[in-house]
Amino acid sequence: MYNITTIAGDGIGKEVINAGIAILDHLDLNINYIEAEAGLETFEKTGTTIPEETVKSAKKSDATLFGAITSVAGEKSPILRLRKSLDLYCNLRPVKSFNGTKSIKPNIDFLIIRENTEGLYCQVESLYENEAIAQRQITRKASERISKFGFEIAKKYNKKSVSCIHKANVLKLTDGLFKESFYKIAKNYPDINANDYYVDAMAMFLVTKPKEFDVIVTTNLFGDILSDEAAGLVGGLGLLPSGNIGDKNGLFEPVHGSAPDIAGKNISNPVATILSIAMMLDFLKEEYVANKIQIAVENVLKHGKIQTPDLGGTNKTNEMTTEIIKELD
Ligand code: ATP
Ligand code: MG
């Protein structure tokens, strides 16, 4: 039996999590759900954006499924809190163009692996009279473990190459260490091609030759920027899943936010969340079911019979979910 913490959150978070649970309920899995709270509504009720019980529950569970939250200015970000408390050091974003959807480039299929715990996100900033300085922390430990994650995933999915993205020509010490750690780990994977690119060049290559990449490993801020660029390439926030993964825990969420403009209308696209669930099942070593969901979603998108408004159709969230369930059968 799996214990899964669900955090629906705000806005369309609730609709997409319900859709995701409908999919899970349809599969032959033994899941115990623990509902937990976070976000704006939680803040209005309790005065905190993420109660301690939510963190505890996520820590104890086999995995966490996160919807979306509306952020509260000046308050702790629930997702940052969870990443830190659960040591979710890897942010994994599959970038894939689906047949039947408007992708800027066809046949794209790569993974972005972003280091999630340090870099420019260590939030150590100092303000002086006429200048402000931000620290950028790169450790050997974090650089090696994210590189290892990249090579392991390449091995698991039979990917040919892993690319390290950095700016070591300018950030000689920090990115120098990141790059050195990457190539040290690469030695343990002689069958996988290890290479590296400057982040500025990579920003261009994602547009000019995205098909050439398999697995991309990079530091926190570069990963943040490149993954949004990649999202733009395959088009459609409603389709993109993500995972925040550590050695003991995993939290899975759609890339999109709470989209208050369309909340409560039953028109949000549940696919990003359903694909996040496939990632979660893969993490739980339920690869067979994960793959089944992935294929069902791809088929529904390809047929294009049922499409939510973001995909150009007029169907509702629940119609899309039902169609994916039919395809699963
Ligand atoms: P937040 O502040 O929570 O990030 P946001 O208004 O920035 O909310 P996002 O979810 O980031 O909203 O998405 C931006 C826009 O993309 C939304 O306003 C919505 O119109 C569209 N969108 C996002 N996710 C979906 C989805 N799952 N289905 C359909 N449209 C979506
Ligand atoms: Mg947003």
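Structure values in brief
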| item | result |
| --- | --- |
| Hits in the range 291-310 - residues which are surrounded by 15 or more Cβ atoms within 10 Å (Cβ to Cβ) and either of a type in the set (Lys, Arg) or touching a Lys or Arg at 6+ places or on another chain (Cβ under 8 Å) (or both) | LYS292, THR308 |
| The range 231-248 - residue that is assigned to a loop (DSSP other than H, G, I, E, B) and more than 19 Å from MET320 (Cβ to Cβ) and, of those, nearest to ligand 2 (Cβ to nearest atom) | GLY246 |
| Residue check, GLU35 surrounded by fewer than 17 Cβ atoms within 10 Å (Cβ to Cβ), over 22 Å from the mean Cα position of the chain (by Cα) and more than 16 Å from ligand 2 (Cβ to nearest atom) | no |
| Enumeration of residues in the range 156-187 that are touching a residue at least 24 places away in the same chain (Cβ under 8 Å), among the polar types (S, T, N, Q) and out of contact with any helix residue (DSSP H, G or I) (no Cβ under 7 Å at 6 or more places or on another chain) | SER161, SER163, ASN169, THR174 |
| ALA201 vs. criteria modelled with pLDDT of 95 or more and outside any strand (DSSP E or B) | yes |
| Failed item, numbered, when VAL162 is tested on (1) closer than 14 Å to ARG114 by Cα; (2) more than 16 Å from ligand 1 (Cβ to nearest atom); (3) in a helix (DSSP H, G or I) | (3) |
| Unmet requirement for ALA263, which otherwise passes all of (1) more than 16 Å from ligand 2 (Cβ to nearest atom); (2) touching a residue at least 24 places away in the same chain (Cβ under 8 Å) | (1) |
| Residue match in the range 249-259 (condition: touching a residue at least 24 places away in the same chain (Cβ under 8 Å), more than 10 Å from ligand 1 (Cβ to nearest atom) and in a loop (DSSP other than H, G, I, E, B)) | yes |
| Filtered residues of the range 213-246 (kept if modelled with pLDDT of 95 or more, over 22 Å from LEU171 (Cβ atoms) and surrounded by fewer than 20 Cβ atoms within 10 Å (Cβ to Cβ)) | GLY246 |
| Test: residue in the range 39-46 that is buried (at least 20 other Cβ atoms within 10 Å of the Cβ), at positive phi and not aromatic (Phe, Trp, Tyr) | yes |
| Of all residues making up the range 88-108, the number that are part of a loop (DSSP other than H, G, I, E, B) and either at negative phi or surrounded by 15 or more Cβ atoms within 10 Å (Cβ to Cβ) (or both) | 13 |
| Qualifying residue in the range 30-37 (condition: in a loop (DSSP other than H, G, I, E, B) and either farther than 17 Å from LEU251 by Cα or touching a Phe, Trp or Tyr at 6+ places or on another chain (Cβ under 9 Å) (or both)) | yes |
| Hits in the range 47-73 - residues which are among the aliphatic types (A, V, I, L, M), buried (at least 17 other Cβ atoms within 10 Å of the Cβ), in a loop (DSSP other than H, G, I, E, B) and within 16 Å of ligand 2 (Cβ to nearest atom) | ILE69, VAL72 |
| Flag for ILE295 being more than 16 Å from ligand 2 (Cβ to nearest atom), outside any helix (DSSP H, G or I) and β-branched (Val, Ile, Thr) | no |
| Pair list, Cβ < 8 Å and 6+ apart or interchain, from the range 9-20 residues that are of a type in the set (Lys, Arg) to residues that are crowded, with 24+ Cβ neighbours inside 10 Å | LYS14/ALA8; LYS14/GLY67 |
| Residue that is small (Gly, Ala, Ser), modelled with pLDDT under 95 and within 19 Å of the chain's Cα centre (by Cα), where the choices are SER61, SER71 | SER71 |
| Criterion (at pLDDT 95 or above, within 30 Å of GLY236 (Cα to Cα), aliphatic (A, V, I, L, M) and surrounded by 13 or more Cβ atoms within 10 Å (Cβ to Cβ)) met by exactly one of ILE138, ILE185, ILE146 | ILE146 |
| Scope the range 266-292; condition more than 16 Å from ligand 2 (Cβ to nearest atom) and in a loop (DSSP other than H, G, I, E, B); matching residues | ASN266, ILE267, PRO270, LEU284, LYS285, GLU286 |
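The values are calculated or read from the model by the stated rules, or taken from the named source; none is laboratory data. Keep in mind that this is a model prediction, so the values were computed, not measured. With ideal geometry, Cβ positions are generated from the backbone for all residues, glycine too; neighbour counts draw on all protein chains shown.
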